[in-house]
Amino acid sequence: MPSIRVGFCAAALLAGPALAAEPAVLESGSYEVEVKLELPHLEDMTGKKMVRLCLTSEANGNNHGITVLSDNNPLSRCPVSNVRQDGGELTFDIACEGKNSAHASARYQLAPASFRGRIAMQMGGKNMTMTEVQAGRRTGNCNAGKTPAL
């Protein structure tokens, strides 16, 4: 009987780390996202806004529809690459085409009905850096045929 208990304990210890590496499943649906743009040395100038997004639970090389949300930002229209999800952490790069174009790297923590993340951005040939901070929570299902407004 003691050897059976030891076997169960050993199996539980071996299974623990494998389960921890499973990607967090971000549930598909409508999300309300608080967006704040952080500019170096301009703390009083940054503002917050709320955005509604329709996100997907699709992982496997997909960024779930998460993107740059700040106003008048060229990175919101640029392609995403190097998408990687390791457990509950999602990272990806954004790069606009052309010489001296804007680029960014994103890092998010995902949970089933929420996410938090930061996108570190460099605005092209300018020596301008900023960080977009996002915190989103699921508010329900997406309306069929109607995309939430940005």
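Any read-out appearing in this document is the output of simple, stated calculations on the displayed coordinates, not a laboratory observation. Remember, it's a predicted structure, so these values are computed and weren't measured experimentally.
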Relative to the compact-globule scaling 2.2 N^0.38 Å, provide the ratio for the alpha-carbon radius of gyration of segment 29-139.
-> 1.04
Stretched fully, the stretch from Cys96 through Thr129 gains (0.36 nm per residue minus C-alpha distance, one decimal, in nm) 10.4 nm
